[in-house]
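The values are calculated or read from the model by the stated rules, or taken from the named source; none is laboratory data. What you see is a predicted model, and the numbers here were worked out from it, not measured in a lab. Ideal geometry is used to build each Cβ from the backbone, glycine not excepted, and the neighbour counts take in all protein chains shown. Keep in mind that these areas ignore ligands, DNA and RNA; they rest on the heavy atoms of the full protein, side chains included. Shrake-Rupley method; radii C 1.70, N 1.55, O 1.52, S 1.80 Å.
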Amino acid sequence: MPIKPLFIDSDGARLFALEYPPTGRPRGALLYVPPFAEEMNRCRALAAEQARALANAGYACLLLDPYGTGDSEGELEAASWDIWQRNVNDAASYLADATGCTVTLWGLRLGGLLAASVASHAPDRFPRLLLWQPVTDGNLFMNQYLRLRVANLMDRGLPAETTQSIRENLATGAVVEVAGYPLSSALVDGISSAKLAS
């Protein structure tokens with residue numbers, strides 16, 4: 001099965017994506033919205049395997065690297081929840097144009113929350129969601145993620161921080177590294193404000 005690597009223009013940057021086309025006319029189209037940070041890396045093979053299976057069943061799939069992640073342009077510290085929402089919309093437009101199908105957003109973990117957030121602003125455009133273990137509360141998710149930094153500092157005997165002090169540091173405009181990923185307040189605040197229930 002041919003896999004088509006490509007770049008999609010979105011918000012002034014080129015986003016990397018992998019397209020898994022079916023043989024013949026597609027029965028539908030799915031846009032994969034990946035999880036966050038190391039979860040994204042660990043789930044790549046799983047997402048690719050599922051995309052191949054869906055393509056074999058007749059569905060076109062597009063696996064997206066949002067701005068500042070994977071092989072897309074940009075730096076993670078310059079990313080925001082709003083930028084990622086526009087990325088999903090732009091990738092969905094590409095996929096809809098390429099296939100002539102209504103796009104189903106397929107999100108994993110934080111990608112599920114992002115997919116649901118995008119769909120909530122355009123329910124007629126995105127009538128279906130496929131959510132795998134979606135994050136339901138962005139604030140709780142981000143607090144758990146920031147605790148990785150708290151634990152790492154404790155293990156190394158460095159000055160202690162709390163999730164609150166990390167957030168206060170971000171609010172001053174600082175970029176904070178957590179588990180090797182540089183984060184800004186724009187991204188952390190955007191994720192924290194998202195809830196699946198809303």
- Mind grabbing the accessible area of Asp189 for me, 1.4 Å probe, Å², rounded to tens? 90
- Query: Counting DSSP beta bridges in the chain, what percent are antiparallel, to the nearest 5?
  - Reply: 50
- Message: Which order do the peptides 32-40, 126-134 come out in when sorted by mean C-beta neighbours inside 10 angstrom, highest first?
- Response: 32-40, 126-134
- Item | Label-reachable residues, region 125-152, where backbone N falls under 11 Å from a point 7 Å from Lys195's Cα toward its Cβ | 137-140
- Query: Under a point spin-label approximation (7 Å from Cα along Cα-to-Cβ), what is the Ala151-Ala53 distance to one decimal in nm?
  - Reply: 2.9
- Assuming R0 = 30 Å, can you tell me the calculated FRET efficiency for the pair Glu75 and Cys101, based on Cβ-Cβ distance, to the nearest 0.05? 0.35
- Task: Give the shape of region 17-101 as rounded, prolate or oblate, defined through the alpha-carbon gyration tensor: a ≥ b ≥ c are the square roots of its eigenvalues, a/c under 1.5 means rounded, and otherwise the shape is prolate if a/b is larger than b/c and oblate if not.
- Result: oblate
- Message: Give me the one-decimal Kirkwood hydrodynamic radius in Å for region 88-131, with the sum taken over alpha-carbon pairs.
- Response: 10.3
- Query: Arranged from highest to lowest average of other beta-carbon atoms within 10 Å per residue, in what order do the peptides 15-25, 86-96, 58-68 appear?
  - Reply: 58-68, 86-96, 15-25
- Message: Modelling each spin label as a point 7 Å along the Cα-to-Cβ direction, I'd like the Arg27/Ser93 distance in nm, to one decimal.
- Response: 3.0
- Note on the structure: In nm, the gap between the two label points placed 7 Å beyond Cα toward Cβ at Arg14 and Leu140 is 4.1
- Taking N as the number of residues in the chain, what is its Cα Rg relative to 2.2 N^0.38 Å? 1.06
- By the C-alpha gyration tensor axes a ≥ b ≥ c (rounded if a/c is under 1.5, else prolate when a/b exceeds b/c, else oblate), the shape of region 27-70 is oblate
